[in-house]
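A short write-up of the structure that comes next.
What follows draws every value from the coordinates through simple rules; no lab data is involved. What you are looking at is a predicted structure, and each value in this text was computed from that prediction instead of being measured. Don't worry about glycine lacking a Cβ; one is built from the backbone with ideal geometry, like all the others, and counts go over all protein chains shown.
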There are 4 protein chains.
Amino acid sequence: MIEPKHHKNEFLIERIAFFSDAVFAIAITLLIIEIHPPHIEKGDTAEMVSHKFKHLIPEFIGLTVSFMLIGGAWLRHHSLFKYVDNYDFRFMLINMLLLFTIILYPFSTSFLFNNLFEGGISKLQIYFYLGVPFASNSILYYMFKRVDKKHREHEADIRFHRALFVQKWMLVSFSLAILWIIFAPLKIHYYGYFFLYIGPLMITINKKKFKTK
Amino acid sequence: MIEPKHHKNEFLIERIAFFSDAVFAIAITLLIIEIHPPHIEKGDTAEMVSHKFKHLIPEFIGLTVSFMLIGGAWLRHHSLFKYVDNYDFRFMLINMLLLFTIILYPFSTSFLFNNLFEGGISKLQIYFYLGVPFASNSILYYMFKRVDKKHREHEADIRFHRALFVQKWMLVSFSLAILWIIFAPLKIHYYGYFFLYIGPLMITINKKKFKTK
Amino acid sequence: MIEPKHHKNEFLIERIAFFSDAVFAIAITLLIIEIHPPHIEKGDTAEMVSHKFKHLIPEFIGLTVSFMLIGGAWLRHHSLFKYVDNYDFRFMLINMLLLFTIILYPFSTSFLFNNLFEGGISKLQIYFYLGVPFASNSILYYMFKRVDKKHREHEADIRFHRALFVQKWMLVSFSLAILWIIFAPLKIHYYGYFFLYIGPLMITINKKKFKTK
Amino acid sequence: MIEPKHHKNEFLIERIAFFSDAVFAIAITLLIIEIHPPHIEKGDTAEMVSHKFKHLIPEFIGLTVSFMLIGGAWLRHHSLFKYVDNYDFRFMLINMLLLFTIILYPFSTSFLFNNLFEGGISKLQIYFYLGVPFASNSILYYMFKRVDKKHREHEADIRFHRALFVQKWMLVSFSLAILWIIFAPLKIHYYGYFFLYIGPLMITINKKKFKTK
């Protein structure tokens, strides 16, 4: 009986990472599929083309925001897996749950942004759109805590602490933004998005603390 | 002539795993593509938006169920490959057949769930939807048996036995559920889904037996 | 200056393989996207659902055939990369060209099979559908020859020779099938597909020769 | 405390590469999704099928051009990662930005090519289509410079210099083409595309300089 246990173990952890990568990558790329190029007809003037294109601007904003949210989640997932030295079944289930929230992005993005500037907007759309990153960031935060406690065998370094720090403040940001949407009237809901800058702000303030090299 | 046979062999097995991962990941992510965000128009009130969204609830249920079925299959595929130390051409063909059943999910899910609560439901839709996981679980069960007999070179551990155990009971569950649909009238077909809990139930009962660490 | 040349080289070859895998996997999974589930309405009887579903049967046949063609190409690509020990820029370009033919499958499949049994069929559709695997198999055959001559550093074994053999006969099969379509009238073009069995037939006849282990 | 730092570091760099590969692969494959097979009806003659197919020719040209642009970017990304021995957070952000430009291809391609030959064309569509590869090539060029200065620990070889050389001339080509579109009238904008041949031309002229082996 051969016992290449350690090697196989690494391969298995890498496979979880790569499977997750594939889901992240597909979700991030499907965002563009939801933006349908305008139908240009034979006699269309440049003004008409540009007018039709302008209708897509909110969707491109949505694409950009969701790209940053998925991309950010992937970056922290990447940081996290540096410290995963072993895993159990529950860890895989939690990772699956994270991936479930990731695949919701293409839907939640076009549900909110397809009609953002035309007035067709309601609290339900905003809840759904903010709820998805809230869920994925909660799960990621929990995964960081769990890896720190259970699955880590070598020293955590600055990168781990920064990712955990970002994770915590992302969670705070989204919680505050969602609370704002619940209690403030729909008309001033835009102000709630300022809470989302808390995360990056805190990082900038604490930049020195997390300087690599 | 260089002879890095063992290394190349591992790379080849990993490549089968990663190719399968990609197919699993794409199938699981395409599920969301089939759910089209409702078209919100300018004058729509919050009630109208919420009404349009409610129409999508069966599709989200379908998304969740299919996500769990594909995700579960991936988890067992992952457990299985821990023990694959060599492979032959037939093993690759069987794996291909498994992937064929996996890519059917986005279709079978929207075929059944797009109209689940509006009455437009027939036995054909249910057969198709249950047939897909029945097929993928049968193939996975066969793969486990084959790996155990032929492609395994190091000791099977608790994880292997648990995955095989789950695999067996998944098969039993789906067989019973399909039998129920065949013999029971369409109106009470919902009860057949309770059979699907047999697998998780058996696992819970035997939890101690499969405790890792 | 560190010189981990050999390791990096392996990583680079693996990355070509994995990128190709991803393209194969996406092309194979997108096949299902082209099959749109029938729209079931509230009052539809079981007969009507089954009638609507029957319309999709040619598309499922197309899915199955194309799945086998892409899957087969992937299997031989997998066999090929076992022997790739070094590569040059031209090798990567040829691999890219192969991937270009692979991504044409979802289009060529639905172009032919969407209307196969309703009479809406012309030689152009058949040329396109047969031309894609003809192109991918020609390129794969050329890649095998090139790897054998240039990029292989360790002994070719039985698996390599079998894959090369299959590759050659696939090419012969598709050439004959295409020639048949060119010269035979459209009405009897179905007979041309029998040529596609030449490959599997030759393999079966020569099975002993290529027995592994 | 285990300290398998070097191994983990390699795994992390590979994971960035593989995640990028997945995004490249999905973007390249989604190009085909935007080309909808013509609807063939029962009574359609061969001429009608061929007529309907001809309408898709500009889209196939777009597919081919975009495939070459994405494929070329991937090839240089692949060359680049051979020399990435360490990375920092900013490097990952820049890579993310690159991937953002890559996922825009399916949209920009069908925005321009869906109506290329029917007259429905305006400067906006051309700007968008040329802007995407201009952006991705600028970022790639910057990445090459950065890797050369910061993340490279072993000697750069001929492949690195060739990729950097191509990168520079791609940038020049796209800049000149965009300048042409800005200043020349729309009717003669086609001549601007000749600038895109500067890159390949420069490579051919300097072929000897970059000969591998």
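Data table
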{"item": "Inter-label distance, nm, simple model (7 Å from Cα along the C-beta direction), D:D88/D:H154", "result": "2.4"}
{"item": "Note, ³J(HN,Hα) from phi for region C:182-199, Karplus 6.51, -1.76, 1.60, rounded to Hz, x at Gly and Pro", "result": "5, 9, 8, x, 4, 4, 9, 5, 4, 4, x, 5, 4, 4, 5, 7, 4, x"}
{"item": "Region A:70-213: relative contact order in percent, alpha carbon pairs under 8 Å with at least 6 residues between", "result": "29"}
{"item": "Ordering of B:152-158, D:21-27 by packing [mean C-beta count within 10 Å, highest first]", "result": "D:21-27, B:152-158"}
{"item": "Sorted by Cβ neighbour density within 10 Å, fewest at the top, the residues C:M170, D:M202", "result": "D:M202, C:M170"}
{"item": "Cut-off under 5 Å, modelled amide H: who pairs with B:N114 long-range", "result": "none"}
{"item": "Partner chain coverage, peptide D:89-101 - average Cβ within 10 angstrom", "result": "3"}
{"item": "For residues of B:103-113, the mean tally of beta carbons on other chains within 10 Å", "result": "4"}
{"item": "Distance between region D:117-196 and region C:162-185 - C-alpha centres, whole angstrom", "result": "41"}
{"item": "Lysine pairs in region A:46-187 with Cα atoms under 25 Å, if 8 or more residues apart or on separate chains", "result": "10"}
{"item": "Table column - 3J(HN,Hα) (Hz), region B:66-73, Karplus curve with 6.51, -1.76, 1.60, x for Gly and Pro", "result": "5, 4, 5, 5, 5, x, x, 4"}
{"item": "Cβ-based exposure ranking for D:H55, B:H189, in which fewest neighbours within 10 Å come first", "result": "D:H55, B:H189"}
{"item": "Cut-off under 5 Å, modelled amide H: who pairs with B:H36 long-range", "result": "none"}
{"item": "The protein assembly as shown: C-alpha gyration tensor shape, a/c 1.5 cut-off, then a/b vs b/c", "result": "rounded"}
{"item": "Average Cα contact separation per residue, region C:1-159, under 8 Å, 6 or more apart, as relative contact order %", "result": "32"}
{"item": "Pairwise FRET efficiency - A:K145 versus A:K209, Cβ, R0 = 25 Å, nearest 0.05", "result": "0.80"}
{"item": "Percent RCO, i.e. relative contact order, over region A:75-138, from Cα pairs under 8 Å lying at least 6 residues apart", "result": "37"}
{"item": "Helix B:89-103 axis, angle to chain B major axis (alpha carbon atoms, nearest 10°)", "result": "10"}
{"item": "Whether region A:117-180 is rounded, prolate or oblate, judged on the alpha carbon gyration tensor where a/c under 1.5 counts as rounded", "result": "prolate"}
{"item": "At R0 = 51 Å, FRET efficiency that the Cβ-Cβ distance of B:L201 and C:A184 yields, to 0.05", "result": "0.30"}
{"item": "Whole-Hz couplings from phi, Karplus 6.51/-1.76/1.60, listed for region A:79-86; x for Gly and Pro", "result": "4, 4, 5, 4, 9, 8, 9, 8"}
{"item": "Compactness of region B:3-90 - radius of gyration and Dmax, Cα, Å", "result": "20.9, 71"}
{"item": "Loop-located trypsin sites (Lys or Arg not before Pro) in region A:15-82, at most 13 other Cβ atoms within 10 Å (DSSP)", "result": "A:K42"}
{"item": "Cα gyration tensor shape of region D:56-213, rounded if a/c is under 1.5, else prolate or oblate by comparing a/b with b/c", "result": "prolate"}
{"item": "Average beta-carbon neighbours from other chains, 10 Å sphere, peptide D:46-56", "result": "3"}
{"item": "Listed residues D:I13, B:T64, A:I35: farthest to the positive end of the dipole of the protein assembly as shown (Cβ charges)", "result": "D:I13"}
{"item": "A:L179, A:L30, D:L56 arranged by Cβ crowding within 10 Å, fewest neighbours leading", "result": "A:L179, D:L56, A:L30"}
